[in-house]
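See structure below.
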Amino acid sequence: MSGNWLYSEKVKEHFKNPKNILDDEDKYDSDGRGEVGSISCGDQMLVVIKVKDNKIADCQWKTYGCASAIASTSIMSEMVVGMTLKEAYRLNPDDIVRQLGGLPDHKVHCSILGDRALRAAIEDYYRRNGLESEIEPEEAKVVCSCMNVTDKDIENFVKAGGKDLEELQKKTTLGTVCGNCIKEAKELLHGYKHLYG
Amino acid sequence: MSEKIVYLDYNATTPIHPEVKKTIIENFDIFGNPSSLHTSGRIAMEKINEARSSVAKLINADSEEIIFTAGASESNNTVLKYVVCQPQSDCGEACRACAGRNEIITSAIEHPSIISTMDFIKGQGGKPVVLGVKPNGKIDLDLLEKNITHKTALISIIMANNEIGVIEDIKTIASIAKKHGVLVHTDAVSAAGRIKIDVKDLNVDYLSLSGHKIYAPKGIGILYVKKDSPYCPFIHGGHQEAGRRAGTLNNLGIIAMGKAAELALSEMETESKRIKALRDKLRDGIVKTIPDISVNGDQGDILPNTLNVSFMGAEGETILLYLDMEGIAVSTGSACSSDSLEPSHVLLALGLSPELAHGSIRFSLGRDNTESDIDYVLEKLPSIIAKIRKMSTAYRSKK
């Protein structure tokens, strides 16, 4: 019995046999630790790393999350080993999704969780080692080019307790001219609500 | 993927009963428009009438009280939207809203076809009153009566909830409503074929049923309208269904529905008993072998086929997909199974934490399930939950 699975074969493989799961945190001597998301939103991610010679030597993780979160973090934990901290720090969720052979549209936001937790773990490493100067403020990307509203604006809106698109539009005027960005804005809103909701 | 298939999602939909399938094939050439006066029309109408009578028997109604619809969502919409309808000119119908009654009381655990329609009627001059439920999923009858005002037009309460299976006391609800001159509707979709339904005993004005939950095909439903209870059509057009629902009749759907209703009535007692034993075995097995779970909803007043369990520290979509890899089909109240971020509104209404709601799985059994299916689930499930919990950030503190 096959039936088309919701996800790609690659997602299925990593979902079935997730790699690098953190067994017992107490026994793992991490150089950096990052935890994002919340259980009440349905997903939470913990990523721990070991660093050697400025490169990621090991990456392990745990999650309370769906198949996309599990598969994307599993593949990410393989991808980042051997990367320099800088390379890993700049890893893009799109790269992870590409490696997975794509995710259904409404599931893409789940894949950013692993990436966010990794960033947090690297930043934790920088802080522990007095390298705060390496921490980059995330670059804002313009979402609504008519009204010049960025992803940062949407993130801040959610952080301040904002919830729906209508409210966001009232506050930022996003998507009130050509409306081309509405789909992307909705996805971002969805994703940030997962992280901060 | 697994070779073995264990379907435990009968509350989502049912396969077509072999006898229903046979009936559909036998009647495949009944193409006549039942409204036509010639022979082929009359042959079709005869079949429709037989089906109507079978459906009526299932709920102890009279044939004339049965309206065929395209499904229970249409039936539910018809009742709720009619009640607050405010026609511009006198259409001859005794609308409740025209008589100053524009409030509808319903519960927080209704099907989306009630909840969304309630949201819609807000913009139509209607006032929805949504009651919370007790932690066991039952309606608080005192709270219900307290919420009735001189403006209450209708009370609409689900007979048995599709997610948790809890059965509401519709008879008492109707008697409370009648004291205050309020109309009563019940969505009996999940109850049909599983527990006895007697509209005369219940004394409801309207009742919705769906074909595909009782082993008939999709796209056919029923609206029961009690004789003399006020009514206005939702779909206007030809005078089918005595002017109560326009549209050429769905011959095959209706004939199939009639057969399914007949079988539901004749098989209910033995099947419900058999299925309840399997469900109890599944529940007891899960309780015995898997720690940190919550069995959701009142287990005394519950459909014989439904079991809703939350697994702490395990996310529902993940459980569902690991079970699917073993050929086991279930549902989840997790938000990740939907486009929204909200987990099941029903489980939240019971007061479950979002974590438990996200980690909920509904097992709903049906006529094809056997004891070996349950053994198979009980063999696979514990290791799946253990595997998920091992990688869970939410379970580490409970070692």
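Name every residue in region A:162-187 that is in a helix (DSSP H, G or I), open to solvent by less than 40 Å² (accessible area, probe 1.4 Å) and within 14 Å of chain B (Cβ to nearest Cβ), in order of residue number. The one that is in a helix (DSSP H, G or I), open to solvent by less than 40 Å² (accessible area, probe 1.4 Å) and within 14 Å of chain B (Cβ to nearest Cβ): A:L165.
Being open to solvent by less than 20 Å² (accessible area, probe 1.4 Å), of a type outside the set (D, E, K, R) and closer than 21 Å to B:L183 by Cβ is true of B:Y224. When we screen A:K12, A:K16, A:K50 for residues that are among the basic types (K, R) and farther than 29 Å from B:I5 by Cβ, the only hit is A:K50. Evaluated against (1) of a type outside the set (D, E); (2) touching a helix residue (DSSP H, G or I) at 6+ places or on another chain (Cβ under 9 Å); (3) surrounded by fewer than 16 Cβ atoms within 10 Å (Cβ to Cβ); (4) at pLDDT below 85, A:K159 falls short on exactly one condition, (4). Taken over region B:1-31, the residue count meeting the criterion of being touching a residue at least 60 places away in the same chain (Cβ under 8 Å) and either closer than 15 Å to B:N250 by Cα or assigned to a helix (DSSP H, G or I) (or both) is 8. A:F15 fulfils the conditions (1) more than 11 Å from every other protein chain (Cβ to nearest Cβ); (2) open to solvent by less than 30 Å² (accessible area, probe 1.4 Å); (3) within 22 Å of B:A329 (Cα to Cα) except for a single criterion, (1). Part of a loop (DSSP other than H, G, I, E, B), under 30 Å from B:I104 (Cβ atoms), of a type outside the set (V, I, T) and touching a helix residue (DSSP H, G or I) at 6+ places or on another chain (Cβ under 7 Å): is that true of B:N60 in this structure? In short, yes. If you filter region B:283-323 down to residues that are facing chain A (nearest Cβ under 10 Å) and without any contact (Cβ under 8 Å) to a residue 24 or more places away in the chain, you find that the one that is surrounded by the most Cβ atoms within 10 Å (Cβ to Cβ) is B:E317.
Matching residues to (1) in a strand (DSSP E or B); (2) touching a residue at least 12 places away in the same chain (Cβ under 8 Å); (3) away from every other protein chain (no Cβ under 14 Å):
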site	(1), (2), (3)
A:D26	no, no, no
A:G37	yes, yes, no
A:M45	yes, yes, no
A:A71	no, yes, no
A:V81	no, yes, yes
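Looking at A:G101, is it open to solvent by 30 Å² or more (accessible area, probe 1.4 Å), more than 14 Å from chain B (Cβ to nearest Cβ) and either in a strand (DSSP E or B) or at pLDDT 95 or above (or both)? When the stated conditions are applied, A:G101 does not pass them. Taken over region B:17-52, the residue count meeting the criterion of being open to solvent by 70 Å² or more (accessible area, probe 1.4 Å) and of a type in the set (A, V, I, L, M, F, W, C) is 5. Checking each residue in region A:47-57 for being part of a strand (DSSP E or B) and open to solvent by 40 Å² or more (accessible area, probe 1.4 Å) picks out A:K50, A:K52, A:K55, A:A57.
Being under 21 Å from A:R33 (Cα atoms), open to solvent by 60 Å² or more (accessible area, probe 1.4 Å), over 15 Å from the mean Cα position of the chain (by Cα) and away from chain B (no Cβ under 14 Å) holds for only one residue in A:N148, A:N129, and it is A:N129.
The values are calculated or read from the model by the stated rules, or taken from the named source; none is laboratory data. Everything numeric in this text was worked out from a predicted model, so none of it was measured. Here the Cβ is made from the backbone with ideal geometry for all residues, glycine too, and neighbour counts use every protein chain on show. Note: accessible area is taken over every heavy atom of the protein model, side chains too, but ligands, DNA and RNA are not part of it. Shrake-Rupley method; radii C 1.70, N 1.55, O 1.52, S 1.80 Å.
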